[in-house]
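Below: one structure, written as structure tokens.
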Amino acid sequence: MFRTATASSLASRFFISINHPRIAPLTIPLASFTNHAPANGINNQQQYNRGKDDNHQRKRRASGPLRFIVASSFLSWFSKKSDDENTPESQLITIIKRSILSIQKEEYQKAEQMLHLALKMAQDLQSKDGITYIYDIMANLAMEVGDFAKAERLFVNVMQRLFSDGFLEDHIKMLHISSKVAHLAQLQGHLDKAAQGFEWTLAKLEEKLKQLGDDNGKEIRELWGITKNWYAQLLMESKRFAEAKQAFLQAYEAYTEIHGMLTEEGLTILNNLSVACSNLEDYASAERFLKEAIALAAQIPNLSEAGVYKANLGLLYLQQGLLRQASEFCTFAWRYGTQHKHEETVIQANYCLEQIKAMEK
């Protein structure tokens with residue numbers, strides 16, 4: 001005989017969370033889908049954390065890295081250089097641009113080689129700005145491929161170089177880096193260090209927003225939203241679910257305010273918001289956020305993650321012992337994942353359907 005308590009205790013272990021690889025154009029988050037079928041005894045928060053170590057984190061969509069690097073606050077260095085293609089500076093710029101293109105194509109080894117060549121050229125030219133910019137790209141590349149310790153060292157190097165050039169600790173360039181360094185600490189499991197970094201960065205950003213006002217603080221507002229999203233993920237790991245919910249809500253508001261609602265990144269935050277609500281046993285809100293994500297996903301062509309949101313909703317129903325609804329959405333997710341060859345959706349939907357069969361016996 002099926003018992004609701006059993007369904008709730010089982011399903012709550014496996015409701016998945018997503019950290020989209022392109023959560024915002026100014027960063028390269030390292031976690032991806034955490035939706036591999038888990039072993040018995042792993043709760044849903046442990047599965048949420050497992051995403052940081054999953055091999056799928058290393059995969060990135062082509063537009064992700066480029067969108068960040070082109071938006072880098074160091075890009076103004078390019079505009080100061082000559083347009084003459086025959087100058088050493090222009091040749092250096094060309095190599096840097098080609099390295100960025102290689103990152104966009106996920107040709108990471110090629111990008112690394114080109115960046116080392118660019119670094120030597122910048123050193124020969126004694127271009128301090130060029131060297132700093134190249135180190136910044138190298139740091140983001142290391143972050144992209146999951147070499148968190150190397151990325152942290154390179155970001156610290158960039159920060160030290162900026163300090164030596166007279167930048168203050170609350171300059172927007174410094175705050176971009178401090179946010180990423182905090183996120184790297186989080187990804188390496190240094191949660192106390194990460195929390196201190198996020199809280200310091202958010203406080204500095206909020207001070208700047210008060211000074212500038214809403215009309216002049218778009219870049220700062222966006223960075224604040226990105227940092228809030230990362231901080232929310234840290235709060236989830238620390239099981240501070242009520243605080244995580246509020247942080248995700250703030251991140252979603254900031255992101256959609258700038259980029260609109262029809263983005264994959266915004267849907268990812270909605271999904272994670274539903275995860276926070278499910279941990280608080282606020283199932284009505286969790287369902288509402290997921291249904292909103294599903295409705296918006298239907299308006300984005302060829303969105304492979306749409307099946308994941310359906311699977312999540314099925315798992316949410318399973319968590320509440322609603323087997324008919326769970327079966328409906330997990331079956332749809334399985335068909336969608338199979339049709340679109342989206343492995344994570346299929347794995348999670350299969351797991352959900354297996355649990356339903358076990359409970360119906």
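Given the pairs 204/245; 110/228; 105/150; 97/120, which are separated by over 27 angstrom at their Cα positions?
On the way: 204/245 22 Å; 110/228 33 Å; 105/150 22 Å; 97/120 16 Å.
Beyond 27 Å: 110/228.
In order along segment 276-292, the Karplus-derived 3J(HN,Hα) couplings, from 6.51 cos²θ - 1.76 cosθ + 1.60 at θ = phi - 60°, round to 4, 5, 5, 5, 8, 6, 9, 5, 5, 5, 4, 5, 4, 5, 5, 5, 5 Hz, and Gly and Pro are given as x.
Find the relative contact order for segment 261-360 and round it to a whole percent, using C-alpha pairs within less than 8 Å whose residues are 6+ positions apart.
On the way: 125 pairs, mean separation 21.4, N = 100.
For segment 261-360, the relative contact order is 21 percent.
Each principal axis of the Cα cloud of segment 223-285 was taken in turn, and the coordinate range along them, longest first, works out to 30, 23, 14 Å.
Indicate the gyration tensor shape class of segment 146-199 (rounded, prolate or oblate), computed on the Cα atoms with a ≥ b ≥ c the square roots of the eigenvalues: a/c under 1.5 is rounded; otherwise a/b larger than b/c is prolate and the rest oblate. In terms of gyration-tensor shape, oblate. In segment 177-259, Cα pairs under 8 Å separated by at least six residues give a relative contact order of 25 percent.
A Cα-only calculation for segment 256-325 places Rg and Dmax at 12.1, 39 Å. Length, then width, then depth: along the principal axes, the Cα atoms of segment 225-361 run 44, 33, 21 Å. Ligands, DNA and RNA are left out, and with a 1.4 angstrom probe the accessible area of segment 225-325 is 33 Å² per residue.
Extension gain for residue 150-residue 246 works out to 31.3 nm (0.36 nm per residue, less the C-alpha to C-alpha distance). For segment 132-213, GluC sites (Glu not before Pro) are listed when DSSP marks them as loop and at most 10 other Cβ atoms sit within 10 Å of their Cβ; the list is empty.
Multiplying the residue separation of residue 211 and residue 116 by 0.36 nm and subtracting their alpha-carbon distance yields 30.2 nm.
With a 1.4 Å probe and all protein chains left in place, how much of the accessible area of segment 261-360 comes from carbon and sulfur atoms, in whole percent?
Taking all protein chains in place, segment 261-360 shows 52 percent carbon and sulfur surface.
Coupling constants for segment 123-132 follow from the phi torsions by the Karplus curve (6.51 cos²θ - 1.76 cosθ + 1.60, θ = phi - 60°), and in residue order they are 5, 5, 7, 6, 8, 4, 5, x, 4, 4 Hz; glycine and proline get x.
The values are calculated or read from the model by the stated rules, or taken from the named source; none is laboratory data. These numbers were taken from a predicted model, which means no experiment stands behind them. Here Cβ is always computed from backbone atoms with ideal geometry, including for glycine, and neighbour counts include all displayed protein chains. Accessible surface areas use protein heavy atoms only, side chains included; no ligands, DNA or RNA. Shrake-Rupley method; radii C 1.70, N 1.55, O 1.52, S 1.80 Å.
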